[in-house]
Amino acid sequence: MTTTTTKYLVDSRGRKTAVLLNIKEYSRLLDRLEELQDTLDLDEAVRNTREFRDYREIREELVKEGRL
């Protein structure tokens with residue numbers, strides 16, 4: 001985990017209105033959010049799936065259909 005100095009934009013009354021991130025931090029944050037979303041999507045798929053098929057079976061089927 002990288003530590004950063006937090007920078008804020010403030011309004012005329014000194015209230016924080018926004019956070020400033022450099023591009024590297026912003027990209028890292030977006031990557032982490034994408035990983036989290038992928039994990040949540042997988043969890044949902046596992047909860048909602050009634051039956052799983054073996055990878056080799058699916059791969060063989062795709063090869064037979066010429067899709068792989």
Expected vector for segment 31-47, Karplus 3J(HN,Hα) from phi with 6.51, -1.76, 1.60 and θ = phi - 60°, integer Hz, x for Gly and Pro, equals 4, 5, 5, 5, 4, 4, 5, 4, 5, 5, 5, 5, 4, 5, 4, 5, 5
Quick one, which of [x] 45, 25, 15; [y] 66, 25, 21; [z] 62, 28, 14 is the actual Cα extents along the principal axes in Å calculated for this model?
-> [y]
Quote the charge dipole size of segment 7-64 about the Cα centre in Debye, to the nearest 20; the model charges only the Cβ of Lys and Arg (+1) and of Asp and Glu (-1).
-> 560
GNM top mover of ARG32, ARG56, ARG47 - the chain, alpha-carbon springs below 10 Å | ARG56
ALA18 neighbourhood, Cβ < 11 Å, K/R = +1, D/E = -1, net charge +2
For LEU62, the net charge from surrounding residues (Cβ-Cβ under 14 Å; K, R +1; D, E -1) works out to 0
With a sphere of radius 12 Å drawn around the Cβ of ARG32, what net charge do the other residues whose Cβ falls strictly inside it have (Lys, Arg +1; Asp, Glu -1)?
-> -4
Among the chymotrypsin sites (Phe, Trp or Tyr not before Pro) in segment 4-68, which ones are in a DSSP loop with at most 10 other Cβ atoms within 10 Å of the Cβ? Mind listing them?
-> PHE52
What percent does the relative contact order of the chain come to when contacts are Cα pairs within less than 8 Å and at least six residues apart?
-> 15
Calculated from backbone phi, Karplus (6.51, -1.76, 1.60) coupling profile of segment 54-64 in Hz, x at Gly/Pro | 5, 4, 4, 5, 5, 4, 4, 4, 5, 5, 4
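Rule-based calculations on the coordinates, nothing more; no lab input. Keep in mind it's a predicted model, so treat the numbers as computed, not measured. Neighbour counts run over all protein chains shown; Cβ positions are idealised from the backbone, glycine included.
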